[in-house]
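The values are calculated or read from the model by the stated rules, or taken from the named source; none is laboratory data. Everything numeric here is computed off the predicted structure, so don't read it as measured data. Here the Cβ positions follow ideal geometry from the backbone for every residue, glycine too, while neighbour counts run over all protein chains shown. The area values use the complete protein model at the heavy-atom level, side chains included, leaving out ligands, DNA and RNA. Shrake-Rupley method; radii C 1.70, N 1.55, O 1.52, S 1.80 Å.
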Amino acid sequence: MRKVPAQLNDSITEPQPPLSRPFASAYGHFAHDGLEYIITRPDTPRPWVNVITNGNYGCIVSQNGGGFSWQGNSQLRMLNRWDQDLIQDRMGRFLYLRNADDGALWSADRQPVCPEFDAWQVRHGLGYTITETVFHGVRCEKTVFVPFGFPCEFWLIHLSNLSDHQRTVDLISCLEWQLGAVHDWHREFHKTFVETAYSENDGILTAWKRPELGSKEPPFAGFHFAIGTPTLGFDGDKRTFLGSLGSISAPQSVIEGQLRGSAGRWTDPIASLHTQVTMGPGETKRLAFVLGAGGLETALRIRSSFPSTQEIADALEEVHTYWRARVDVTHVETPDSALNLMTNVWLKYQAIAGRLWARTGYYQNSGAFGFRDQLQDSHIWLSLEPERTREQILLHAAQQFTDGTVRHWWHPSTPIAATGDCTDDLLWLPYLALNYIDETDDSGIWDATAPWAPEGSGQASLYEHSIAAIEKALSRLSPRGLPLIGECDWNDGFSHLGRAWKGESVWLAHFMVGLLNRFAETARERGDTARANRYSESASTMAQAVNEHAWDGEWYWRATKDNGEKIGSHACAENRIDLIAQAWSVISGVAPPDRARRAMESARQHLFREYGPLLLTPAYTRMDHEIGYITRYAPGVRENGGVYSHAATWGILALCMLGEGDAAWKAYASMCPPRRGENPDLYYAEPYVLPGNIDGPDSPTFGRGGWTWYTGSAVWMHKVALDWICGVRATRGGLLIDPCVPGSWKSFHVTRHFRGEEYRIEVSNPNGVQHGVQQVQLNGKAVDGAIIPPTPNGPHEVRVLMG
Ligand code: GLC
């Protein structure tokens, strides 16, 4: 494992030299090999947040203290009230500090008091966020993290007296209980179900919400208490806490240093606790606050597991160890340090913490599993812990109906789900299974069983589930053999193109051809020969149909409406060319070589712009009821002519498949967050995670990123860098070495685990080619071709000569 500095603490009073501040901007920089992003000014263009979760409990923390916590489901089971106000960022879990002698008031985060700190910085890392401030001669370091195995978060506080005299400081917490879904819209109604109580003996404040009548679920409850310091007071009522004319930035009871001790029903429920520390000159005191989900019993269990701040500090160490071990399994060292730190650290973290576990960001709050979404996200586990990809595949299989259709999304353990006629969803199931088998060779997964939906419909093997998906898709073809788009394909915004089951999707045709060809091999391997032949034939007939009907002259058109009108064709006034109809013609091998080149040249000419490949251009400016909600978006925003990061990564992947290393890397770099973050007032978004979208040229804010964290692009950007640019990818027969790099890269290094062994791969490129491998050596012996067969007794040294 890579060595990580034991001391992550860059004191705010001892700034580092500029050289150790990669990708620095006016607002911050990376630190510690990219393991942390340090924000140095609170007024970032938008909240720059961290998503912290153990897979069950989680919280989002902005650099100013805004955000929310949840347990089980980030949309339906929020602990605290939060408003999605990206401009003010004023709702969160807060901690007031008050100097007991002179009543000076400030807060551990910038919100809610907004003091003029003498020093301030926030450090977002893997599984934790640290806010460090100096104010009024007191240094406060607040670390927020979620321990593994417990439904709670800790706010670990180090308070230091920087002055030359004794100081007594009050610490008063405050959060508003939500205990329900983010959209519990009638507050006055919902608050009548909530009750707060304070257990004097234990110093624990609890709140619980009466469940719906007949519900077998225990009431949704939360608790709040302090560790390492006596609790002096509490409040469970926002009104008494703030005072009738008080505000969240200056609550009456905080100003007075005296909480009112109200609890019970009929309140505007909050949790506020008061504790106090006295410090001699230069002294540091450590204490913690806990916020968690569950009743008094759970709180007491947590209290006994963490009797002092030492156990909390140990749990924080475990969080560091977990994430470092996770991200260190694969490692790239290329001449592009932005690609390195995104691939080595943040894209993995974003895909796991943000997408698979929390399923929320600040911009998009989901909590649900999307059928196609988390299947794709689960690619991230392939090179790390492939068993988890397997679990995800089987989880999704259980959301399929016997007719092959699937739930578009669902909230786990609830009846809340969306069905619908998105025509690609179901096909991602076999797609992922095939990729999982390439990684693991575990073709036994085809025989693993999963139930059919709804409950009680029996079960079937994954092979049967996959066949049901493919058969359904094959039953939905237009008379000329192109797949019908139905309610939409991968692009959800094309929601009205094919409602009458006439509109066609060219992208879906590409996707299906690739899948049918691959699945046919599986069927053949299993002795299901008639099916294998049928699927191969369907693939070639469909590829023929695409090439006969969907070639637009210089690129592939994208779809037809129910009335037969084309989308994404040169003849269209808006959306003349669409990226994924070009990229997947290459990825699936549908386009003959000349068309593949031509399609991607057209894409480069029209779509590949300064800040990444656009999804389509020009953007829609008028609502079109026959196309879908994409036409409601402002021009240049999200799918409507923006850089839709998820699809953009496919554009880069297609260039790699054509051996265009310079162009692929240029496109990668153009949308790579650390680079974009060097111009933060244009880019807006966090420089350490991918945004879902970047505004396109038809937007007045061309180049602005938004919808960060919760985007399926994270895993694909990781895949593009590791599998396609560095070119180390799993195939059934072994690890294929097929780099596609800019000619300026003379060497690079990849460490990757594959089927239980570690491979350390040194690639040299003395002649500066973009693609092509002359020789691969495994432990000093030349390998036949470019595939390293699975080899026991690693770690293995691999030398690759490009040329
Ligand atoms: C959103 C959806 C995803 C869809 C994409 C493109 O990210 O979650 O399922 O494929 O948009 O519309």
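Structure above, values below:
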quantity: Relative contact order %, the chain, counting alpha carbon pairs below 8 Å whose residues are six or more apart; calculated: 9 percent
quantity: Per residue accessible area of region 293-417, 1.4 Å probe, in Å²; calculated: 31 Å²
quantity: Surface share of carbon and sulfur [accessible, 1.4 angstrom probe, percent] for the chain; calculated: 49 percent
quantity: Set of lysines with alpha-carbon distance to residue 216 below 26 Å, sequence-local pairs under 8 removed; calculated: 191
quantity: Between helix 661-670 and the chain: long-axis angle, C-alpha atoms, 0 to 90°, nearest 10; calculated: 30 degrees
quantity: Mean shadow area of region 144-288, taken as a quarter of the surface of its Cα convex hull (nm²); calculated: 10.7 nm²
quantity: Binned Cα-Cα distance frequencies in region 235-290 - 5 Å width, integer %; calculated: 4, 17, 24, 18, 15, 11, 6, 3, 1, 0
quantity: Region 271-285 - phi-based ³J(HN,Hα) in whole Hz, Karplus 6.51/-1.76/1.60, Gly and Pro as x; calculated: 10, 9, 10, 10, 9, 9, 10, 10, 10, x, x, x, 7, 10, 10
quantity: Gap separating the Cα centres of region 176-197 and region 408-480, nearest whole Å; calculated: 37 Å
quantity: Net charge over other residues, Cβ less than 10 angstrom from the Cβ of residue 340 (K, R count +1; D, E count -1); calculated: -3
quantity: Descending Cα extents along the principal axes, the chain, whole Å; calculated: 82, 62, 52
quantity: Accessible solvent surface per residue of region 170-226, calculated while the other protein chains remain in place, 1.4 angstrom probe, Å²; calculated: 48 Å²
quantity: Total formal charge among the other residues, if their Cβ is under 13 angstrom from that of residue 772, Lys/Arg +1 and Asp/Glu -1; calculated: -2
quantity: √(5λ) per eigenvalue of the Cα gyration tensor, region 86-193, largest first, Å; calculated: 29, 18, 14
quantity: Reference-scaled alpha-carbon Rg (2.2 N^0.38 Å with N residues) for region 270-403; calculated: 1.44
quantity: Highest average packing first - 604-614, 213-223, Cβ atoms within 10 Å; calculated: 604-614, 213-223
quantity: 3J(HN,Hα) from dihedral phi, region 782-794, Karplus parametrisation 6.51/-1.76/1.60, rounded to Hz, x for glycine, proline; calculated: 5, 9, 7, x, 10, 9, 8, x, x, 10, x, 6, x
quantity: Whole-Hz ³J(HN,Hα) from phi, Karplus 6.51 cos²θ - 1.76 cosθ + 1.60, for region 295-310, glycine and proline x; calculated: x, 4, 4, 5, 4, 5, 4, 5, 4, 6, 6, 10, x, 9, 5, 5
quantity: Solvent-accessible heavy-atom area per residue, rounded to whole Å², over region 40-140 at 1.4 Å; calculated: 26 Å²
quantity: Relative contact order for region 460-549, counting Cα pairs under 8 Å that sit 6 or more residues apart, in percent; calculated: 23 percent
quantity: Per residue convex hull volume, Cα atoms of region 420-516, in Å³; calculated: 105 Å³
quantity: Coordinate range along principal axes, alpha carbons of region 660-764, Å, largest first; calculated: 49, 30, 21
